[in-house]
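The values are calculated or read from the model by the stated rules, or taken from the named source; none is laboratory data. This is a predicted model, so every value here is computed, not measured. Every residue, glycine among them, receives a Cβ derived from its backbone with ideal geometry; neighbour counts consider all protein chains shown.
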Amino acid sequence: MTYNPLIRHAQATDASALAACIDAAYAKYAKRIADMPSVSEGCEEDIANNQVWVIALGEEVIAGLVLIAGDGFMKLANLAVHPDHVGKGLGRKLIEHSECETKRQGFSEMRLNTHVDMPENIRLYQYLGWTEVSRNDNTVSMEKFLPND
């Protein structure tokens, strides 16, 4: 049987499940990053005001993606995969979805920020074609230009 859960737009009723998924996904970082901000705060507002997708198995949200349209670019604001579902390609699936949405909406540039103490995430994004453009204190800013198909 193929493991291929579907990505769908988040609904207001997904907010608490999405927050729980994000908290679980970032728990390993919270142990090593003393100044880590609340990464799940504002899920209701994100769902209402931004572009949010989830992957769910039944009622459980197992992954989520938040995109925010900027001035000439799309920001990948959050991407989280519940640790019980890591290694199944869900993160890559959400990143591919974010790139398709970015292009569909007429953008060719994506941006994101991550934490300097998340080197595995930085390496993953670099592997997927992202370029580090700056570091400011603990923030690593990255960008990716998408080819026109």
Fill in: Lone unmet requirement of (1) modelled with pLDDT of 95 or more; (2) closer than 23 Å to ALA30 by Cβ; (3) touching an Asp or Glu at 6+ places or on another chain (Cβ under 8 Å) for ASN138
(1)
Worksheet item: Can you tell me which residues in the stretch 1-26 are of a type in the set (A, V, I, L, M, F, W, C) and without any contact (Cβ under 8 Å) to a residue 12 or more places away in the chain?
Response: MET1
Practice prompt. Give me the pairs, please: first residue somewhere in the stretch 130-149 and on the phi < 0 side of the Ramachandran plot and in contact (Cβ under 8 Å) with a residue 40 or more places away in the chain, second residue anywhere and in a loop (DSSP other than H, G, I, E, B) and among the hydroxyl-bearing types (Ser, Thr, Tyr), beta-carbon distance under 8 Å, and either six or more positions apart or on two chains.
Written response: LEU146/SER108; ASN148/SER108
Worksheet item: Do we have MET74 as of a type outside the set (Ser, Thr, Tyr) and under 22 Å from LYS31 (Cβ atoms) here?
Response: no
Discussion item. Residues that are among the aromatic types (Phe, Trp, Tyr) and over 25 Å from LEU6 (Cβ atoms): does the stretch 67-82 have at least one?
Written reply: yes
Fill in: Subset of the stretch 86-106 (residues that are touching a helix residue (DSSP H, G or I) at 6+ places or on another chain (Cβ under 9 Å) and buried (at least 18 other Cβ atoms within 10 Å of the Cβ))
GLY91, ILE95
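Check whether at least one residue in the stretch 122-130 is part of a strand (DSSP E or B) and either in contact with a strand residue (DSSP E or B) (Cβ under 7 Å, 6 or more places away or on another chain) or crowded, with 16+ Cβ neighbours inside 10 Å (or both), and report yes or no. Please lay out each step first, then the result.
Restricting attention to the stretch 122-130, the residues satisfying the condition of being part of a strand (DSSP E or B) are none.
No.
To keep it simple, each residue is scored yes or no on (1) out of contact with any Asp or Glu (no Cβ under 7 Å at 6 or more places or on another chain); (2) within 13 Å of LEU76 (Cα to Cα).
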| position | (1), (2) |
| --- | --- |
| HIS97 | yes, yes |
| CYS100 | yes, yes |
| ASN113 | yes, yes |
| GLU120 | yes, no |
| SER134 | yes, no |
| GLU143 | no, yes |
